[in-house]
Amino acid sequence: MNQGTLYPLLLKLEHEGTIASKWGTSENNRKARFYSLTAAGRKQLQTETRDWEQTAAIIARFFNVKGEDLA
Amino acid sequence: MKLLRRFFIRLTNLATRRSADQRLREEMTEHLAFQIEENVRAGMSLTEAQRQAAIKFGASEAIREHHHAEQSLPLIENLMIDLQFAFRMLRKSPGFAFVAIATMALGVGATTAIYSVIDATLLHPLPYPHPSELVRIEANLPGVGAHDVGISIPELRDLQNSGIFQYVSLSFYGTNNLTGSAQPASIASKSVSPSYFWVLGVDPQLGRTWDPHDATPGFLPEVVISDGLWKRAFGADPHILGKSVRLDNDVYTVAGIMPASFRDQGQTSDERNADLWAAAGFAGDPAPPPMRGTRFPFETIARLQPGLSPEAAQGRLDALVASLKKQYPADYPAQSVWTLHLTPLAETLVGNVRQSLILLFGAVGLVLLIGSVNVANLLLARASSRGREMAVRQALGAAKTRLIRQLLTESLLLFVLGGIGGFAVLFCARKFLLQFVPENLPRLNDISIGWGVLAFAIVVSVAAGTIFGLAPAWLTTRLNLTATLRQEGRGGNGSRQRSRLRHVLVIGELALSLVLMVAAGLLLRSFWDLFKVQLGFNPTRVLSIETSLPNPNDPKTDIYHTATQEAVLLREVLRRNRTIPGVEETAVSDRAGIPLGHSQNDRRAVPLLPEGQEVKSSQLPQIDTAIVSPEYFHLLGMTPLRGRLFADQDLEATPRVAVINQAAARTYWPGKDGNGEDPVGKRARLGGLGRQRPEWVTIVGVIADARTESLADAGIPQIYLDIYQRPAKFLAFYVRGQVDPSAIPAQVRTQIQSVDAELPVFRAETLDDVLSSSLSVRRFSMEMVALFAATALLLAALGIYGTISFLVNEQSREIAIRLALGAQRPDILRRVLRHGLNLAAVGAGIGLAGAFIVSHLMAGLLYGVSPYDLSTFAGVTVVLTAVAIAASYVPARRAMRLDPITTLHAE
């Protein structure tokens, strides 16, 4: 994936209110835009993480199924 | 939630046009610079570092587009762009834009104007809560051919107790003399049952109305007045409640004031503008004792139980009628077939103008249709000239749907601009236009041009724009790309389809305008016939002025109770009126005697039975009566045919005499062989309805028929009684002569009030005005339809002109070749003209078929002309054809004058 495709996604997240951004200066003295999670974003992240873990756990259980379990 | 939030952010971005583009670009530049720095640090050369960074980042323009799509609403943005483009296109061809917008403004404006009238009258005829529950109850005796015979008090009570209705009320319109204020006034009033306002469901703004279950037999001592009267006569006195007013010399107290917005229901505008309501049980003085057979010629209105449909209510009412007939066989003889009929109140109020308004709406709808077709035609013509543009855009990859969307935006812009323009003109000219609306239209005062009407105008123009913009847009984008690009936008498949559609549209236009012109022609002929009709009386230089004598509830207090008492007043006023300078003749009659000037309420039909003829049933054939003074006939120029007119020796003490018109002689004295017998000297029994006792009158004379009752009908039987033998309360004084119509009312008022200062004097009108206002609805619809027809004809002429000139343009090369090969110029002219004539012939053929249907439907609006009147149909067809040929002649001449050399060189 190209790095540039990140920017429309960042804008979308900002519109959704999960991240906020502001201009600042980077460690090597460059002008840079800093993105940070908002409270809503943090909550969203938690939900998404939980969902993802749940999905991953379910899929993992599929892989752990052995032939004799189904018999 | 999130979607909504994003939508609103996008919407605000769109609205504020805050561009995040700059920010993105800066961010991307920083990003790249950072990446390059890193690459250089990793040991790359500067150019290589830049290249690798750009590859890693991706196509920056595509990202910017994505970013833009994310932050805004592409659909609306496209629409904005399309609109901007459409505006530019319109500015580029101002002539086209002006014609199209003006056409639509005309069509939508006219449609909206008629709609605003219909909205107030047909769609919202009853300004009361739950109007669908309101009904009018009509009693009929179809067995003896009598309709709307009225209702008796026991019958009213049966209805009130039937459980079908919430409330039932009688209502009777009249006028009362209000005295005590500076100038005695005659005010429009209604005598009603105490439940009247409960039927209508309207509460007073101040005070109260009556208890709906009040059972007082006579008049209740309290009255309700209108907001208008409160302000006019009492200066909006806040302490009016409980104060007394004197009406016809009886004293009442004011119990309530209706809201300013309240309009009464009723058939005439006088009735709807009633100013005072008095309640009575109609079971005691001044009414006769309640008997089942004593019917009052009053109107009965009622409010149905909630949720009961009129049909179901009619079913229950029929059952009630059947059981009453069984219970009281003597009062309801089987042969007269007493029935009660329910009609939704809304229908009874607008019945007489409904047909005219629907006709007008149909006519104006056709104008709108023709206008839209014309604009569609113009759009099609432009489609040919924009063929190349469309081809280029499609070749460059524009999707067809996208192009159609853009073209549709353009046509919608035209239509909506036209619609708004039409509405704006209407809004500015509303005062001016309302003058042309006849005064007797119900709810005239409620016609308003507001948001509802604006919404209607916009909906109509959007609908028309979509319907008539879609086909041209579709045909414009349907192109054979290679052929179009090579041939510079000429020829090709789409072009043939377009010209076929253009022909269909022009034929449709011609057909529609023929229909309108036939309708207008028939109305014009009806109106003209009515206008030119032999009146049978002479209205010129005659002025009528009304007064009314008090009618107190107790006859003993009435100073004008007998004809002899009244004669003193009448003779004195007549004598004084004759002394007014310029007055040549004077007369007096009751209100029913005013030719064409009285409303339905004043028409008094009473049974008349010639002596020696058998009573066929309990109901007698009825005749219109008028009470007049001896000079009346001469003043109005009515022709005596047989016998004598009234004379000075006819007094209250002498036998009652009467004069009838020819129609009455024919109807009531048909003779044994049907040739008629001389009614002079015969006696007849008059009256016997309601509380009046029948009386015997001797026919002393016959006069020629005159159209005093209805312009359209000369043969309405009429009987005249002598005012010195039979007193009348509502009087009209007439003066004929060289008088100033603006000064005379005051002069007559002075004369009348110098005899009795308590008498109100009002409504002075010349008979010519009365005559002309009796034609007002007809004149209004005739003028409107004629105007619409003329517009339609003009539009159709423009349409055919446009089509033929376009055809000539398109075929100029062919024509030039023909000319170069030796074709004769007149042949070219004929060829083009024939094309126009063919279109006109097909259009006229279809239009004639449509006109037959329409004229059949409007037969009820015609007078003296058959709906299939040959001369009208033929004349209109000839006019249409002539206009079509004239419109084709201009481009045909251009074709004839074509110079082959320049034309062929130019290609």
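The values are calculated or read from the model by the stated rules, or taken from the named source; none is laboratory data. Here the structure is a predicted model, which means the values were calculated and not measured. Every residue, glycine among them, receives a Cβ derived from its backbone with ideal geometry; neighbour counts consider all protein chains shown.
Odds and ends about this structure:
- For B:V832, the requirement of being under 33 Å from the mean Cα position of the chain (by Cα) and not small (G, A, S) is not met.
- Restricting the first member to the stretch A:1-23 and to residues that are at the interface with chain B (Cβ under 8 Å from one of its Cβ atoms), and the second to residues that are not in a helix (DSSP H, G or I), the beta-carbon pairs closer than 6 Å and six or more apart or on different chains are A:N2/B:G58; A:G4/B:G58.
- Looking at B:T103, B:T12, just one residue is hydroxyl-bearing (S, T, Y) and away from every other protein chain (no Cβ under 14 Å), and that residue is B:T103.
- Scan of the stretch B:317-329 for residues that are in a helix (DSSP H, G or I) and within 20 Å of B:P142 (Cβ to Cβ), ordered by number: B:L317, B:D318, B:A319, B:L320, B:V321, B:A322, B:S323, B:L324, B:K325, B:K326
- Selection from the stretch B:173-193 of residues that are of a type outside the set (G, A, S) and surrounded by fewer than 18 Cβ atoms within 10 Å (Cβ to Cβ): B:Q183
- Of residues in the stretch B:867-888 being buried (at least 17 other Cβ atoms within 10 Å of the Cβ) and hydroxyl-bearing (S, T, Y), the one nearest to B:I804 (Cα to Cα): B:S888
- Those helices (runs of 4 or more DSSP H) of the stretch B:450-562 in which 2 or more residues are hydroxyl-bearing (S, T, Y) and more than 30 Å from B:Q406 (Cβ to Cβ) occupy B:492-531.
- Cβ pairs under 7 Å, 6+ apart, first in the stretch B:221-242 and closer than 14 Å to B:T209 by Cβ, second buried (at least 20 other Cβ atoms within 10 Å of the Cβ) and among the acidic types (D, E): B:I225/B:D275; B:S226/B:D275
- Being in a loop (DSSP other than H, G, I, E, B), crowded, with 20+ Cβ neighbours inside 10 Å and among the aliphatic types (A, V, I, L, M) holds for only one residue in B:A684, B:A706, and it is B:A706.
- Within the stretch B:808-834, the set of residues being buried (at least 18 other Cβ atoms within 10 Å of the Cβ) and in contact with a Ser or Thr (Cβ under 7 Å, 6 or more places away or on another chain) comprises B:S812, B:A816, B:V832, B:L833.
To keep it simple, each residue is scored yes or no on (1) part of a helix (DSSP H, G or I); (2) buried (at least 20 other Cβ atoms within 10 Å of the Cβ).
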residue	(1), (2)
B:D331	no, no
B:H341	no, no
B:R354	yes, no
B:I358	yes, no
B:G362	yes, no
B:V375	yes, yes
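- Neighbours by Cβ (under 7 Å, 6+ apart or cross-chain): first from the stretch B:184-204, among the β-branched types (V, I, T); second in a helix (DSSP H, G or I): B:I187/B:L229
- Top-ranked residue of the stretch B:43-69 - restricted to ones that are more than 12 Å from every other protein chain (Cβ to nearest Cβ) and closer than 15 Å to A:Q3 by Cα, ranked as surrounded by the fewest Cβ atoms within 10 Å (Cβ to Cβ): B:R51
- Residue match in the stretch B:741-756 (condition: in contact with a Lys or Arg (Cβ under 9 Å, 6 or more places away or on another chain), of a type in the set (S, T, Y) and either closer than 18 Å to B:L535 by Cα or in a strand (DSSP E or B) (or both)): no
- B:D264 vs. criteria of a type in the set (D, E, K, R) and crowded, with 18+ Cβ neighbours inside 10 Å: yes
- Filtering the stretch A:21-32 to residues that are at pLDDT 80 or above and touching a helix residue (DSSP H, G or I) at 6+ places or on another chain (Cβ under 7 Å) leaves only A:S21.
- Scanning the stretch B:773-807 for residues that are at pLDDT 85 or above and either of a type in the set (F, W, Y) or farther than 30 Å from B:A887 by Cβ (or both) yields a total of 2.
- Subset tally (residues that are under 22 Å from B:T877 (Cα atoms) and of a type in the set (A, V, I, L, M, F, W, C)) for the stretch B:773-821: 17
- Any hit, the stretch B:710-730, residues being in a helix (DSSP H, G or I), closer than 30 Å to B:V533 by Cα and of a type outside the set (D, E, K, R): no
- Residue in the stretch B:123-139 that is in contact (Cβ under 8 Å) with a residue 24 or more places away in the chain, crowded, with 21+ Cβ neighbours inside 10 Å and within 30 Å of B:T547 (Cα to Cα) present: no
- Test: residue in the stretch B:34-42 that is within 12 Å of chain A (Cβ to nearest Cβ), of a type outside the set (A, V, I, L, M), touching a strand residue (DSSP E or B) at 6+ places or on another chain (Cβ under 9 Å) and farther than 30 Å from B:L795 by Cβ: yes
- The stretch B:879-897 residues that are farther than 16 Å from B:L793 by Cα, paired with ones that are hydroxyl-bearing (S, T, Y) and crowded, with 18+ Cβ neighbours inside 10 Å (beta carbon under 6 Å, 6 or more apart): B:P891/B:S805
- Counted residues, the stretch B:227-247 - those being over 22 Å from B:L549 (Cα atoms) and touching a helix residue (DSSP H, G or I) at 6+ places or on another chain (Cβ under 9 Å): 4
- Just one of the listed residues (B:E765, B:E758) is of a type in the set (D, E, K, R), in contact (Cβ under 8 Å) with a residue 60 or more places away in the chain and surrounded by fewer than 17 Cβ atoms within 10 Å (Cβ to Cβ), and it is B:E758.
- Test: residue in the stretch B:52-64 that is closer than 22 Å to A:E16 by Cα and more than 60 Å from the chain's Cα centre (by Cα): yes
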